[in-house]
1. Considering amide H positions built from the backbone, and no H for Pro or chain starts, which residues 5 or more places from THR63, or on another chain, come under 5 Å of its amide H?
2. How many percent of all Cα-Cα pairs in the range 2-298 sit more than 24 Å apart?
3. Send over the semi-axes of the range 152-299's equivalent ellipsoid, whole angstrom and largest first, taken as the square roots of 5 times the C-alpha gyration tensor eigenvalues.
4. With springs only between Cα atoms under 10 Å apart, run a GNM on the chain and tell me which of ASN112, ASN89, ASN27 wobbles the most.
5. By how many nm would the segment from ASN77 to ALA231 lengthen if fully extended, with 0.36 nm per residue of separation less the alpha-carbon distance?
6. Using only DSSP helix segments of four residues or longer, with each worth -39500 (n - 2.57), what per-residue ellipticity at 222 nm results for the chain after dividing by its residue count and rounding to 500?
7. Could you calculate the FRET efficiency of LEU181 with ASP110 from 1/(1 + (r/R0)^6), where r is the beta carbon distance between them and R0 is 35 Å, rounded to 0.05?
8. Karplus couplings for the range 78-93 from phi (6.51 cos²θ - 1.76 cosθ + 1.60, θ = phi - 60°), rounded to Hz, Gly and Pro as x?
Amino acid sequence: MKRLLLLAFIPSIIYCSNGTTIFDFLNIPCGARPTAVGGGFSAFGDPHSIFYNPAGICNITTTTFSSTLRHYIAGINSGIILWEKPDFNGVIGIAINYVNLGSIEGRDVDDNLNGSFTPVSLSTKFAYARHIGSFKGGLSVNLIYENIDKYSAFAPAVDIGIIYTPPTVPHIDLGLSLNNLGYEIIPFRDTRENLPYKIKAGLAYQPLPPYIFSLDIERQINGGQDFILGAEIPLSPNFFFRAGYSSRWQDLAVDVSTDVTAGLSFGIGVVRNRLKIDYTASPMVDLGIAHQISISFLN
């Protein structure tokens, strides 16, 4: 029964969405490192930038494979896999993002049991990025699919992004991205809905590399605006502590005076030769804690 209720409120539960859009699963943070620093990530260079600002994959210097398992609230499990490689005078990448809620009871209008179904959400990204002077530019094409019982929806979309490193200002990167620009070709029913378009701007500051502090501002199609703060601090050359805050999760706070963890995230990262392991925990107040673990291999 809990899963049945979750299905009805997926947009608000997984992302505190207050507008009418489709494919809200695209707003679930992807990757343990980005999630740990709040989920902004518009000015970072990282394999998982393919989900935030495709220009960020320009930093990839060797073939990279990464897999992430997300254990979400109420037992919802999902994950991502990605592959990226320097090629064609830049970097190419492919990434898959999936959510599977498991088997859910079907009910008719009289609340009689009517079989079961398994909702599935899936997106596949194809990305390319390259350096252009002091700029990095990136573009990704996203094929998005959702199925709920007998109904399915499909839409293509694109993400466009740039990252600028000012030559006269050391240790600062400025990022700008437009995400989920697309059109629902196959709607669930007769009415087409908007994709969760958003525009993000941010900066990443390294006062003493590899220390990183970040600030992002994100505006969504439904009018919501959020700010995101993040920090990554090396405790040793191979061990990192991360923390972040996102105002988007404040809607989860029932009592703002006591629910002080709403919007916070914490994580660690370990690097060992060509292996990277990252973990993040995101408290979601009364809904529990969302976990992510990412394992990356560098060839």
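Taken together, the values in this text are just the output of simple stated rules run on the coordinates, not laboratory data. What you are looking at is a predicted structure, and each value in this text was computed from that prediction instead of being measured. Positions of Cβ are backbone-derived with ideal geometry, glycine not excepted, and every protein chain shown enters the neighbour counts.
1. ASN299
2. Details: 22444 of 43956 pairs.
Roughly 51 percent, rounded to a whole number.
3. Each semi-axis is √(5λ); the values are 30, 22, 18 Å.
4. ASN112
5. 52.8 nm
6. Result for the chain: -1500 deg cm²/dmol, rounded to the nearest 500.
7. Calculated transfer efficiency: 0.25.
8. 3J(HN,Hα) across the range 78-93, in whole Hz: 7, x, 9, 9, 8, 9, 9, 8, x, 5, 6, 6, x, 9, 10, x.
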